[in-house]
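Peer 1: Pasting a structure here, questions to come.
The values are calculated or read from the model by the stated rules, or taken from the named source; none is laboratory data. This one's a predicted model, so the numbers in the text were calculated from it and none came from an experiment. Don't worry about glycine lacking a Cβ; one is built from the backbone with ideal geometry, like all the others, and counts go over all protein chains shown.
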Amino acid sequence: MPISRASKPPFSLRRAAALLGWLAALASAGPLWAAAAPRAAPAPAARPGSETPLDAGAIVARLAPSGRAGFALIDLQSGAMVEGRDAARPFPPASTAKAVAAARALAALGPEARFVTRLVASAPPREGVLRGDLALAGGGDPELDSDALAEMAAQAAARGLRRVEGAFLADRGALPAGPRIDPEQPEQAAYNPAYSGLSLNFNRVLFSWGAEGSAGGLRLEARALRASPAVTGIVIDAAPDPSAPLFQREDGRGDAPERELWQVNAEALRPAEGRRWLPVRHPELYAAEALRALAGEAGVSLPAPRLGAAPSPGTELARRESRPLRQILRAMLRHSTNLTAELVGLAADAAEGRAGARAEAADPLAAAGARSSAWAARLAGAAPASIKLRNHSGLSAQSRVTPAAMAAFLRAAARGALGPRARSPELDAEAAEAPAPGPLAALLRPLPLHAAPGEPPVPDDAAAVAKTGTLLYARGLAGYLRAGSGRVYAFAIYSEDLERRARLADLSRADHAARAWMTRAVAFERALLRSWAVRF
């Protein structure tokens, strides 16, 4: 996997924040969960109280959602658990697992690492003709898009390439590949695409219908900011049976087994004009097909692509380097991009000597997730069973972490456990502005700590950064808090009602009850953070 080292899930963070506006209806809600007694170490002196009780027990009784909830607050300096409830109980981490993936990628690859995508020929072109093969070779770049491929096509044209007489190959690179991140998610969920060392547009294709000029037809395109080539290797048609599922997908047959065939029910085509993203299951061919269309616009004729290995050593005709890893990780943590988490997690796994891991298990993500779990548990000084990650993105209701283990892991990451490779002058400068030390804190998203009605004001110097996690009836928040006293803490807060989740027939839709549950879970998290900021 070429790496250079330079000097929806149903709810997103933005949606979860918007849900806070519904909290007025919850003011009279009674307790829905009985908490175990906290396991607490001596804490700094608490600040004065207020009309609204700020102690953890009152917050649990007032705001904890149905099901179970637990949390841990650990002093960054001493390692003592200042406050905790059900801190040793395992919970689904959801996307807070991405903090582990980011930390391991920093430790294994370094914050300035870049992923390289190449266009490699078996021989130099002669008079514009390549009498040999050309390959689009993936390097694990999770942010490769159609705009980048347009630039690569222009580079190849500038090198004199006009036509390829041999094969045009799509090389997935050294990373494992699979058709989806989590098999339990709905087929049409764009946040659950395939993963591969050669990916494009987050392995999503834009499906539009009824657009102007399309005569009401259905269209698929590899949409980026500027380039948007039409897609022909993926086909979508209206389902003839009105009782068919909204979306159905299957692979092609005969001489085109890797063609993707979608059928869409007319119920999904409302309103009369619209668009939505669909996941891609064969991203290597999707990327190569998009490059073929863009190369044609640049005056370069390429044959239809097929899977294959790039010539070695070959002649490089175009090259695209990704942004530095620290920028990729910041975007991943703030926008909770599942594919990015899986690819950087697999890249870190490969860098630690597991490049051949895809052959060892039917599920490469589960195998790599298990190694990432063991790594995180070692850093946290926690029991192996306290961190069990099914993958790197958290897109699995089967993953489990305890609040105590996650908070201990975050403490270790802030105290140098990631090692010297995880640092760079650029990231150190960003870390100096964070409320907690260490490279991971610099990449997490700041959280507002504004006091709710009836609460005392949160001290001006209090600040928090964290990663959110959201699945249907599962919620998490994990990060760092600088309290009003100036002391710094690592924390993890989790809620789940897996019994209600198990009764859902469709994981792609959140009904009113699920949205109300999530509203309450978010309010519970933020009330705890404000409480800690004021009391400690």
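Peer 1: Of the conditions (1) among the hydrophobic types (A, V, I, L, M, F, W, C); (2) over 24 Å from residue 110 (Cβ atoms); (3) under 17 Å from the mean Cα position of the chain (by Cα), residue 389 fails just one. Which one is it?
Peer 2: So the condition that residue 389 fails would be (2).
Peer 1: Moving to a separate point now. Does the range 443-453 contain any residue that is farther than 27 Å from residue 389 by Cβ, part of a strand (DSSP E or B), in the same structural domain as residue 59 (by TED's automatic domain parsing) and in contact with a Pro (Cβ under 7 Å, 6 or more places away or on another chain)?
Peer 2: No, that holds for no residue.
Each row is one residue, and each column tells you yes or no for (1) surrounded by 22 or more Cβ atoms within 10 Å (Cβ to Cβ); (2) in contact with a Pro (Cβ under 6 Å, 6 or more places away or on another chain); (3) not in a helix (DSSP H, G or I).
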| residue | (1), (2), (3) |
| --- | --- |
| 102 | yes, no, no |
| 106 | yes, yes, no |
| 111 | yes, no, yes |
| 116 | no, yes, yes |
| 119 | yes, no, yes |
| 141 | yes, no, yes |
| 151 | no, no, no |
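Peer 1: Okay, next question. Only one of these is under 19 Å from residue 285 (Cα atoms) and touching a helix residue (DSSP H, G or I) at 6+ places or on another chain (Cβ under 7 Å): 195, 191. Name it.
Peer 2: 195
Peer 1: Then there's this: I'd like the full set of residues that are surrounded by 15 or more Cβ atoms within 10 Å (Cβ to Cβ) and small (Gly, Ala, Ser), limited to the range 239-251.
Peer 2: The answer is 239, 244.
Peer 1: Please determine whether any residue of the range 468-489 is in the same structural domain as residue 336 (by TED's automatic domain parsing), within 24 Å of the chain's Cα centre (by Cα) and surrounded by fewer than 17 Cβ atoms within 10 Å (Cβ to Cβ).
Peer 2: The answer is no; no qualifying residue exists.
Peer 1: Quick one: which residue in 244, 256, 318, 290 is closer than 27 Å to residue 195 by Cβ and assigned to a loop (DSSP other than H, G, I, E, B)?
Peer 2: 256
Peer 1: If only one of 395, 389, 440, 410 is in contact with an Asp or Glu (Cβ under 6 Å, 6 or more places away or on another chain) and within 30 Å of residue 185 (Cβ to Cβ), which one is it?
Peer 2: The unique qualifying residue is 395.
Peer 1: Given the condition surrounded by 24 or more Cβ atoms within 10 Å (Cβ to Cβ) and either assigned by TED's automatic domain parsing to the domain that holds residue 188 or over 20 Å from residue 180 (Cα atoms) (or both), answer yes or no: does some residue in the range 266-280 qualify?
Peer 2: Yes, the range 266-280 contains at least one residue that is surrounded by 24 or more Cβ atoms within 10 Å (Cβ to Cβ) and either assigned by TED's automatic domain parsing to the domain that holds residue 188 or over 20 Å from residue 180 (Cα atoms) (or both).
Peer 1: Looking at (1) out of contact with any strand residue (DSSP E or B) (no Cβ under 9 Å at 6 or more places or on another chain); (2) over 23 Å from residue 150 (Cβ atoms); (3) at pLDDT 95 or above; (4) hydroxyl-bearing (Ser, Thr, Tyr), which one does residue 195 not meet, given that it meets all the others?
Peer 2: So residue 195 meets the others, but not (1).
Peer 1: So the check is Cβ under 9 Å with 6+ separation or different chains; which pairs have a first residue in the range 454-482 that's over 22 Å from residue 62 (Cα atoms) and a second one that's of a type in the set (Asp, Glu)?
Peer 2: Correct list of pairs: 466/525; 471/496; 482/461.
Peer 1: Name every residue in the range 468-479 that is in a strand (DSSP E or B) and out of contact with any strand residue (DSSP E or B) (no Cβ under 6 Å at 6 or more places or on another chain), in order of residue number.
Peer 2: The answer is 470, 471.
Peer 1: I've got another one for you. So is residue 310 assigned by TED's automatic domain parsing to the domain that holds residue 142, under 26 Å from residue 191 (Cβ atoms) and not in a strand (DSSP E or B) or not? Give the steps one after another, and end with the answer.
Peer 2: Values: assigned by TED's automatic domain parsing to the domain that holds residue 142: yes; under 26 Å from residue 191 (Cβ atoms): no; not in a strand (DSSP E or B): yes.
Criteria not met by residue 310.
Peer 1: Please state which one of 290, 268, 331 is closer than 21 Å to residue 219 by Cβ, at pLDDT 95 or above and within 29 Å of the chain's Cα centre (by Cα).
Peer 2: 290
Peer 1: What number goes with the only condition from (1) in contact with a Leu (Cβ under 9 Å, 6 or more places away or on another chain); (2) loosely packed, with under 15 Cβ neighbours inside 10 Å that residue 257 does not pass?
Peer 2: (1) is the only condition that residue 257 fails.
Peer 1: Conditions first: (1) modelled with pLDDT of 95 or more; (2) touching a Ser or Thr at 6+ places or on another chain (Cβ under 9 Å). Residue 273 passes all but one, so which condition is the exception?
Peer 2: (1)
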